[in-house]
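A short worksheet on the structure shown next.
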Amino acid sequence: MAFSRKQQRALRLQVPASTSNVGPGFDCFSIAVDHFVDLRWKPGERLEIERKGALTESTLTPGRDPVLRGMRRAAALAGGKLPPGKITVESAFPPGRGLGASGAGLVGGLLLGNRLTGSKIKSENLLSEAIALEGHPENAAASMLGGAHWSVPRAKGDWIHHPVQLHKELRFLVVIPPYPLATSRAREVLPTSVSLQRAVDQARRTPLLVEGLRTLNPELIRIGIQDEIHVAPRLKLLTGAKSVLEFAEQVGAIAATLSGAGSALLILTRTGELRTLETKLQRRVKRLWGESGMVLNARVTTKAAAFV
């Protein structure tokens, strides 16, 4: 599809970040949070991308950048050609920290590419493409749909994204270390098989976690969030992370685990205890990592990826 200069106008898109896995929800459970990846496109002489904010830390080449990958995939599906323009991508959190920056980038790129080539592709098909590009469903589902979902394959290339209800008083603190953890590296350390007993234990806890998050029952959450597959091996790659998780629970957190594959840590609390716990964690993080560590407070957002 040919675009004239008159047809082109600046576009802006906001995509929610996400925390995923959340204990036993490995590669299936995701929660969109109220921190966003902001994408802007404006007409230009050539297709180019600029990263701002914490995303300047990224070292990805344009060929591997998730936003550009998504845009090019959408154009290919639409049978169109992307018009030249400059994409600016910005967020307050850095990449490689377990907040779904890659999934958000793919979703944003697919939506932006679809808009620029005539809006021919349905959103559910764009979500399937984001999952295929990402390799797993949870972060893409959270960014595209907002809210919390448990994603299960129904058939090849098809998914059920079942909504998970969270208590309105549930809050998160996300501790962000000064170092990233590449998803590829985080997957290398995972076991290729587990014992029958560990698999049974994992399955037993899952409904407790879901019910605990719905009712904000601390006992159910603490039992349900325990994991038999990914948390322990990944913690070994993260300097200081285990001590922060233990500290958070000692000073009043409901529970604590990894956010996504890491390196970020997810601390679960409630509205009335958020500020006190945040202050204590900030002091701990400063002693551990100086000014390089971060503590973000967050809550679930029902806002899906959307043009603004």
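Values quoted throughout were computed directly from the atomic coordinates according to the rules given, and no laboratory measurement underlies them. Just so you know, these numbers come straight off a predicted model, no measurement behind them. Cβ placement follows ideal geometry from the backbone for every residue including glycine, while neighbour counts extend to all protein chains displayed.
Report the charge-dipole magnitude of the chain in Debye, nearest 20, computed about the Cα centre from +1 at each Lys and Arg Cβ and -1 at each Asp and Glu Cβ.
Values: 42 positive and 26 negative charges, 182 e Å.
For this selection, approximately 880 debye.
Output the peptides 257-266, 288-297, 81-90, 144-153 sorted from most to least packed, where packing is the average of other Cβ atoms within 10 Å over each peptide's residues. Write down the numbers at each step before the final one.
On the way: 257-266: 26.8, 288-297: 16.2, 81-90: 18.8, 144-153: 21.1.
Taking the mean over residues of other Cβ atoms within 10 Å, the ranking is 257-266, 144-153, 81-90, 288-297.
Could you order peptides 107-116, 92-101, 132-141 by the average number of other Cβ atoms within 10 Å of their residues, highest first? Walk me through the intermediate numbers first.
Details: 107-116: 27.0, 92-101: 25.3, 132-141: 23.7.
In decreasing order of mean packing, 107-116, 92-101, 132-141 become 107-116, 92-101, 132-141.
Compute the helix-to-body angle for 196-215: its Cα long axis versus the longest principal axis of the chain, expressed 0 to 90° and rounded to tens.
Compared with the principal axis, the helix lies near 80 degrees.
Taking the Cβ-Cβ separation of residue 72 and residue 158 as r and a Förster radius of 22 Å, what is the calculated FRET efficiency to the nearest 0.05?
Numbers: r = 23 Å, r/R0 = 1.06.
Step by step, r from the Cβ atoms, then E = 0.40.
Using only the alpha-carbon atoms, how far is helix 101-116 inclined from the longest principal axis of the chain? Give it as 0 to 90 degrees, nearest 10.
20 degrees
Calculate the dipole size of the range 172-268 relative to its Cα centre from +1 charges on Lys and Arg beta carbons and -1 charges on Asp and Glu beta carbons; express the result in debye to the nearest 20. Don't jump to the answer; show the numbers that get you there.
Working: 10 positive and 8 negative charges, 44 e Å.
In debye, rounded to 20, the range 172-268 gives about 200.
Rounded to the nearest Å, what's the spacing between the alpha carbon centres of the range 74-144 and the range 260-282? Just the number, please.
Taking the Cα centre of each part, the range 74-144 and the range 260-282 sit 29 Å apart.
Exceeding 20 Å between C-alpha atoms, which entries from my cross-link table qualify? They are 120/303; 52/81; 242/286; 81/122; 42/81. Numbers along the way, then the final one.
On the way: 120/303 23 Å; 52/81 26 Å; 242/286 16 Å; 81/122 18 Å; 42/81 16 Å.
Flagged as over cut-off: 120/303; 52/81.
What residue among 17, 78, 256 has the largest mean-square fluctuation in a Gaussian network model of the chain, using Cα springs under 10 Å?
78
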